[in-house]
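The values are calculated or read from the model by the stated rules, or taken from the named source; none is laboratory data. Treat the numbers as computed from the prediction; the structure is a model and nothing was measured. Reconstructed Cβ throughout: ideal geometry from the backbone, glycine too, with neighbour counts over all protein chains shown.
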Amino acid sequence: MKIFNNHYLSLFLCVFLILPVLSEKFLVAESPDPEPVHSGPVSFPTGTDQPSTTECPTIAITNYTDGDEQNYPVALLRGTVSDVHGKYLIVENLSSDRSSRIMRTTVYKGQFKILVELVPGVNYLILSLGKARLEFVLHYKKSQNPYIVRAILLESRPDPGRQNVSQYPADSPPTSEESIADTIARLQTALLLMQTMTAERFHDAGYGRRTFSLEFDSEGQIIVHHLQLPDTAIDYQNMPPVQLYQFVERQIQNQMPALKAKNLAIANFIRIPQKDREKMGQVALGGGNLALMDAKGLFCWPRTLNEVEDVFRDSEPVDAELFGRDSAYRNTRWGVAATTMGAALHELGHAFGLNHTPDPNDIMNRGFDHFNRVFLIVESPSAQNRQEVYFTREQESTFSPESIKTLLRSHWFQ
């Protein structure tokens, strides 16, 4: 039987031969184009849309490595952000339930420094600024060094006929429970900053993060001892500084001896004197096992780690007659905070066996005036500089190589 005539046969052969070619063509057209291969830079005609080259902003920590371990509780992170217009960087410690769990700092020209309070063990940190995010881990293993620095708050015998002078009219009297708690908090925070600053300077010098150990309670708070002296405030305010130092040293040895302790003692009965007796009662001496400081500048110290940046940026003026010297004549609250906290570390340095050095940035010279710079990128205006001051790392407080070599031989830095 004849199925196809010649016409149908020709049509069949045409379809049979052409259909695979058309199918392949359409299949290729519907498949994704392969990635182009470029042998050089791509140029785009003027006026055409160009692909976006904007990357997600980044955060980098420059003085720690992810997973680092330290034996003191407060880390100072230094770093950079790619978003130079970002203003505030936040770090959250997911491992902590303390009030310092979240910290914030101001970013300047893409640089930052920020404090982080660690808890014993593993600390999971998240740093963020806008869309930028960095996950980071630090380990805190408590120091086992039995050689410690103790904090002591010295109180005088109450004098019913004389009321102690408050540091500011709005402050509570220094004998009230509220004011004592406030003073303790400021001393605790200052000691944490001194400990961290010392560790960072050892690290910068290539010796790891060595620092002195502090005395902590079971809650991780610095223990502040109270020592009441037998006489009234006016009796001690009238003593020459060296005589007062020797008297306090004997009292500590008799009432709370500890061979493995260096003591930072704050004379809480020496606060703001009257203007016509500015020098009366001032003391800042160190040596042996004791660093002794008056309490004149404590009202400017931060009470918590969250307050540190605000305190070191507070340009509110202070009385130049009373606090000119205690602020290195910068006559601001931040100037008083920097100089007096730095001076306390300076006197502790003498207790550790350090001498004065010729290095102007050394804590054992006048470098203690710039204690604030350790924790900042830029310094606030003052009576000395009407504009903000951008400083270099070399212009921050430090310990000179000579001082570090001495401390390396100390039991307190092993």
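Details
- Residue in the stretch 312-322 that is in contact with an Asp or Glu (Cβ under 6 Å, 6 or more places away or on another chain) and over 12 Å from Ser397 (Cβ atoms) present: no
- All told, Trp334 falls short of being aromatic (Phe, Trp, Tyr), under 15 Å from Ala199 (Cα atoms) and surrounded by 19 or more Cβ atoms within 10 Å (Cβ to Cβ).
- Condition broken by Leu345, with the remaining ones in (1) at pLDDT 95 or above; (2) under 22 Å from Lys296 (Cβ atoms); (3) buried (at least 23 other Cβ atoms within 10 Å of the Cβ); (4) touching a Gly at 6+ places or on another chain (Cβ under 9 Å) satisfied: (4)
- Restricting attention to the stretch 100-116, the residues that are touching an Asp or Glu at 6+ places or on another chain (Cβ under 9 Å) and in a loop (DSSP other than H, G, I, E, B) total 4.
- Cross-chain or 6+ apart pairs with Cβ under 7 Å, the stretch 360-373 first and assigned by TED's automatic domain parsing to the domain that holds Ala344 and free of Cβ contacts under 8 Å to residues at least 40 places away in the same chain, then surrounded by fewer than 24 Cβ atoms within 10 Å (Cβ to Cβ) and among the aromatic types (Phe, Trp, Tyr): Arg373/Phe391
- Within the stretch 289-326, considering residues that are part of a helix (DSSP H, G or I) and without any contact (Cβ under 8 Å) to a residue 24 or more places away in the chain, the one nearest to Gln195 (Cα to Cα): Asp310
- Given (1) modelled with pLDDT of 95 or more; (2) surrounded by 13 or more Cβ atoms within 10 Å (Cβ to Cβ); (3) out of contact with any helix residue (DSSP H, G or I) (no Cβ under 6 Å at 6 or more places or on another chain), number of the condition His411 does not satisfy: (2)
- Tally of residues being loosely packed, with under 15 Cβ neighbours inside 10 Å and either part of a helix (DSSP H, G or I) or under 35 Å from the mean Cα position of the chain (by Cα) (or both) across the stretch 235-246: 2
- Pairs linking a residue in the stretch 232-250 that is modelled with pLDDT under 95 to a residue that is part of a helix (DSSP H, G or I) and surrounded by fewer than 15 Cβ atoms within 10 Å (Cβ to Cβ), with Cβ atoms under 6 Å and 6 or more positions apart or on different chains, do not occur.
- If you go through the stretch 117-138 and keep only what is charged (D, E, K, R), in a strand (DSSP E or B) and over 12 Å from Ala60 (Cα atoms), you end up with just Glu117.
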